[in-house]
Amino acid sequence: MTYNQSSYIRVRFGVYHFVRRVPADVKQHYRSDRVSISLRTKSAKTATRSAQSISQRLNDYWHGLRLQKMDVPALHLVIDDKDDVVDDSPTMMEAVDIYLRLKSHKQTPTFIRAAKRNGKYVAEALGNRAITSYSSSDASAFRDYLFDKGLAVGSVKRIFGSIRSIINLVMQEHGIEGANGFAKTYMPERDDSQDRQPIPQDKLIELQHACKREDDEMRWLLALISDTGMRLAEAAGLNKDDIILDTPVPYIDLKAHSWRRLKTKSSARHIPLVGASLWAAQRLQESDSSYAFPRYCDGQTCNANSASAALNKWMKPRVTEHTVVHSLRHSMRDRLRAVECPSDIIDQIGGWSLSSIGSSYGKGYELPVLAKWMKLMEE
């Protein structure tokens, strides 16, 4: 058997064959490391012509494989059929307006403000474009934009959740096909959140004494929260009729109002009044307004954010670092744990989601049982 190196020809038993080694950079496309083809001829001249033709076709094919791995030069100049298609889906800010109209049953000032603010963030960072034009890489750039603004990862996740909801609902409502670019954005683990700390018992007592010394609407609100564990918005949005004092166990009848909805279904509850909270409730009943806190609630809106800012500012020099108004709610749970209060009673008092399915059966604990544990907490 002879081998012609220049024309990739071998002779086996008088018949010519084409044999050529596969280049290393395209070898992954082949089952063997060489191409071997019978030329079906005993004529050297015919075999040479055939081998040259096969070799040229292989060169062209391998060149095509190599080009597939390369970035296409001047790709930005290529005319895309999609360039002629007009995307008439709503822009980001139009989507926000549609979303708010569809979610009219949730039209609280906080809900409206958050949706508009989050939509504006997208428009500022990426442009107020059609919602289907935002890609996953755009969403990643938006995430980095929010981090550059100094937002913690928890805040960024909440904003992304809002944007996803807006785009999903509007696409569904308008029958728009395509992917939501904000659907699967990676969120890095960042140690930039501050856990709200409970207020130590000695600081809590000092705070309650200070509330009684000041003895005004803002301090009544803080005192009411301190021994009930209510959320700030829950307390600020109370109607005075929600405060029941002429019973053996005074309590708050916490329910939703048109000006202030509740966070969850389990948030509607009866909360016994003890300690500083009972004192605050008694002071509130002496006021003339039908609303418990007319400074923050007028029957149309409940401005819990304003109350939060004012109370946190007043509290700051009187409590430990990293504690705020909401820390009173954390303290409430710790204080009930300290007297070995059962967890399902703690959940009922604070309006937390019930920890087990069984806890949701029945009417729950009666006021005297709740009051017993809350009074133990006060001792």
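The values are calculated or read from the model by the stated rules, or taken from the named source; none is laboratory data. Here the structure is a predicted model, which is why all the values come from computation and not from measurement. Cβ: placed from backbone, ideal geometry, glycine included. Neighbour counts: every protein chain shown.
For the reader, a short list of remarks on this structure follows.
Conditions tested, residue by residue: (1) surrounded by 22 or more Cβ atoms within 10 Å (Cβ to Cβ); (2) assigned to a helix (DSSP H, G or I).
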residue	(1), (2)
Ala210	no, yes
Glu234	yes, yes
Lys263	no, no
Ser266	no, yes
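- Whichever residue in region 96-128 is outside any helix (DSSP H, G or I) and modelled with pLDDT of 90 or more and, among such residues, is nearest to Pro188 (Cα to Cα): Gly127
- Only a single item in (1) over 25 Å from Asn303 (Cβ atoms); (2) aliphatic (A, V, I, L, M); (3) surrounded by fewer than 17 Cβ atoms within 10 Å (Cβ to Cβ) is not met by Ile112, and it is number (1).
- Region 300-322 - residue that is surrounded by 14 or more Cβ atoms within 10 Å (Cβ to Cβ) and among the small types (Gly, Ala, Ser) and, of those, farthest from Lys263 (Cα to Cα): Ala310
- Checked against the criterion of being in contact with a Phe, Trp or Tyr (Cβ under 7 Å, 6 or more places away or on another chain), assigned by TED's automatic domain parsing to the domain that holds Leu221, at positive phi and not basic (Lys, Arg), the candidates Gly364, Gly299 yield just one match: Gly299.
- Residue check for Ile131: closer than 11 Å to Ala95 by Cα and touching a strand residue (DSSP E or B) at 6+ places or on another chain (Cβ under 9 Å): yes
- Count - residues of region 317-337 that are farther than 17 Å from Gln348 by Cβ, in a helix (DSSP H, G or I) and more than 29 Å from the chain's Cα centre (by Cα): 2
- Annotation: of all residues in region 43-60 being within 60 Å of the chain's Cα centre (by Cα) and of a type in the set (A, V, I, L, M, F, W, C), the one that is nearest to His17 (Cα to Cα) is Ile54.
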